[in-house]
Protein chains: 2
Amino acid sequence: MVNQENIHPGFDKLVSRAEREKFLNQRSKVVWMTGLSGSGKTTIAAGLERKLLENGFFAQVLDGDNIRSGINNNLGFSLEDRLENIRRIAEVAKLYLNSGIITICTFISPTIEIRKYAEDIIGSDDFLEIFVDAPLEICEKRDVKGLYQKARKGEIKDFTGITSPYEPPISPTLTLFSGKEPVQVSVQIAFDFIEPLIRK
Amino acid sequence: MVNQENIHPGFDKLVSRAEREKFLNQRSKVVWMTGLSGSGKTTIAAGLERKLLENGFFAQVLDGDNIRSGINNNLGFSLEDRLENIRRIAEVAKLYLNSGIITICTFISPTIEIRKYAEDIIGSDDFLEIFVDAPLEICEKRDVKGLYQKARKGEIKDFTGITSPYEPPISPTLTLFSGKEPVQVSVQIAFDFIEPLIRK
């Protein structure tokens with residue numbers, strides 16, 4: 001059964017990614033930040049986003065706040081829903097990428113498989129994997145959100161690093177040692193690394 | 001059961017919509033185009049997107065091509081899936097809106113209820129409804145995609161205008177008479193109408 005909205009002719013050409021990149025005077029990429037809860041992903045992503053804009057680049061962070069509260073607000077935490085969560089995040093990131101925007105995704109994304117799934121949707125050429133590498137002891141000691149304590153008490157199921165595994169990237173594009181260095185240093189290192197890749 | 005990715009502190013402030021609008025030197029809005037298959041929505045949207053960029057505005061069309069092939073590629077055409085289709089489109093449009101981008105959505109969206117659903121997600125202040133109003137006879141005569149013929153033969157289920165109703169907007173923000181006027185005229189009318197609303 002054919003559906004009317006599912007068939008499209010090719011004659012109405014939208015503005016291409018290349019034209020958008022020219023408009024914004026940048027090359028678009030997806031920066032995918034992975035790491036434990038409390039490793040500093042969101043703080044670094046927010047700092048990087050701001051630094052990019054201050055330097056004339058147009059960037060957008062996709063994180064739990066704007067994704068889980070909106071497009072993914074009907075997903076739970078079953079394995080199936082976790083995969084669908086990552087699929088939709090990757091698809092939104094791909095839309096932004098094709099809009100010419102530097103897109104920073106910040107999600108624990110604990111397994112090699114799940115990050116590979118995102119990379120396959122986005123495309124390897126545009127996928128920059130940043131490992132936000134803080135040791136579990138430090139993340140747990142920080143425990144900004146009090147989640148590790150809850151996890152230790154058994155109040156949170158499948159908590160990465162405690163009751164479910166975190167698989168570090170084998171060959172990330174960049175590693176930030178956020179357990180050792182101040183946030184601003186991590187932000188600067190990320191910016192300096194990315195800048196040549198997004199500059200026109 | 002609390003999940004670790006679902007809780008976020010408020011201290012990592014992302015770049016706001018207002019800052020992004022300032023960066024792009026525009027006000028963001030969602031332009032929602034509704035109308036029959038063949039009414040010219042996609043062609044007008046593509047023309048409007050290009051005209052906006054040529055005039056220094058950053059805009060993005062969301063249409064069947066980039067939505068159904070990606071974020072919504074696991075949805076069918078049951079009533080439930082049609083609602084979820086619109087929900088996700090509206091949520092993506094809202095993300096783009098909050099990124100400061102003028103977002104043009106072009107979907108048949110045949111009922112008042114379904115468009116209200118989108119408007120409620122996006123927010124009435126930012127939702128501009130454009131009725132692309134070409135009479136059924138003209139859309140069917142054009143039949144660019146051969147879909148009306150298929151629908152008449154019973155090969156397409158629930159085809160808007162033939163076997164399922166199209167409810168025109170009661171008080172759209174703007175109506176384009178695309179059955180009478182050339183595409184370029186509709187594009188110009190839409191641009192002239194929108195421009196004062198998106199200009200800083």
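The values are calculated or read from the model by the stated rules, or taken from the named source; none is laboratory data. A quick note: this is a predicted structure, and the numbers were derived from the prediction, not measured. Cβ placement follows ideal geometry from the backbone for every residue including glycine, while neighbour counts extend to all protein chains displayed.
Between B:Ile86, B:Ile122, which is at pLDDT 95 or above, within 28 Å of B:Ile189 (Cβ to Cβ) and either out of contact with any strand residue (DSSP E or B) (no Cβ under 7 Å at 6 or more places or on another chain) or within 9 Å of another protein chain (Cβ to nearest Cβ) (or both)?
Being at pLDDT 95 or above, within 28 Å of B:Ile189 (Cβ to Cβ) and either out of contact with any strand residue (DSSP E or B) (no Cβ under 7 Å at 6 or more places or on another chain) or within 9 Å of another protein chain (Cβ to nearest Cβ) (or both) holds for just one of B:Ile86, B:Ile122, which is B:Ile86.
Scanning region B:123-150 for residues that are touching a Lys or Arg at 6+ places or on another chain (Cβ under 9 Å) and hydrophobic (A, V, I, L, M, F, W, C), which turns out farthest from B:Leu97 (Cα to Cα)?
B:Ile138
Of all residues in region A:64-78, which are farther than 22 Å from A:Ser99 by Cα and either small (Gly, Ala, Ser) or more than 9 Å from chain B (Cβ to nearest Cβ) (or both)?
Once the filter is applied, which keeps residues that are farther than 22 Å from A:Ser99 by Cα and either small (Gly, Ala, Ser) or more than 9 Å from chain B (Cβ to nearest Cβ) (or both), region A:64-78 yields A:Ser69, A:Leu75, A:Gly76, A:Ser78.
Hey, A:Val61 hits all of (1) under 28 Å from B:Asp63 (Cβ atoms); (2) in contact (Cβ under 8 Å) with a residue 60 or more places away in the chain; (3) at the interface with another protein chain (Cβ under 10 Å from one of its Cβ atoms) but one; which does it fall short on?
(2)
Residue check: is B:Val31 more than 8 Å from chain A (Cβ to nearest Cβ), hydrophobic (A, V, I, L, M, F, W, C), within 27 Å of A:Asn72 (Cα to Cα) and buried (at least 17 other Cβ atoms within 10 Å of the Cβ)?
Yes.
Collect the residues in region A:121-175 that are closer than 28 Å to A:Lys94 by Cα and assigned to a strand (DSSP E or B), keeping them in residue-number order.
A:Phe127, A:Leu128, A:Glu129, A:Ile130, A:Phe131, A:Val132, A:Thr160, A:Leu174, A:Thr175
A quick yes/no check of all residues on (1) of a type in the set (Gly, Ala, Ser); (2) crowded, with 16+ Cβ neighbours inside 10 Å:
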residue	(1), (2)
B:Tyr148	no, yes
B:Ala151	yes, yes
B:Ile170	no, no
B:Glu181	no, no
B:Ala190	yes, yes
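With respect to B:Gly35, determine if the residue is at pLDDT 95 or above, in contact with a Lys or Arg (Cβ under 6 Å, 6 or more places away or on another chain) and closer than 30 Å to B:Gln149 by Cβ.
Taking the combined requirement at face value, the residue satisfies it.
For region A:66-86, what are the residues that are crowded, with 16+ Cβ neighbours inside 10 Å and not in a loop (DSSP other than H, G, I, E, B)?
The answer is A:Asn66, A:Ile67, A:Arg68, A:Arg82, A:Glu84, A:Asn85, A:Ile86.
Would you confirm whether or not region A:191-200 contains a residue that is touching a residue at least 40 places away in the same chain (Cβ under 8 Å) and within 14 Å of another protein chain (Cβ to nearest Cβ)?
So far as region A:191-200 goes, no, none of its residues is touching a residue at least 40 places away in the same chain (Cβ under 8 Å) and within 14 Å of another protein chain (Cβ to nearest Cβ).
Report, by residue number, each residue of region B:145-167 that is at the interface with chain A (Cβ under 10 Å from one of its Cβ atoms), under 20 Å from the mean Cα position of the chain (by Cα) and not small (Gly, Ala, Ser).
B:Lys145, B:Phe159, B:Thr160
Of (1) over 30 Å from B:Asn25 (Cα atoms); (2) surrounded by fewer than 19 Cβ atoms within 10 Å (Cβ to Cβ), A:Ile130 satisfies all except one. Which?
Of everything listed in (1) over 30 Å from B:Asn25 (Cα atoms); (2) surrounded by fewer than 19 Cβ atoms within 10 Å (Cβ to Cβ), A:Ile130 misses just condition (2).
Report, by residue number, each residue of region A:28-46 that is in contact with a strand residue (DSSP E or B) (Cβ under 8 Å, 6 or more places away or on another chain) and assigned to a loop (DSSP other than H, G, I, E, B).
Those that are in contact with a strand residue (DSSP E or B) (Cβ under 8 Å, 6 or more places away or on another chain) and assigned to a loop (DSSP other than H, G, I, E, B): A:Ser28, A:Lys29, A:Gly35, A:Leu36, A:Ser37, A:Ser39, A:Gly40.
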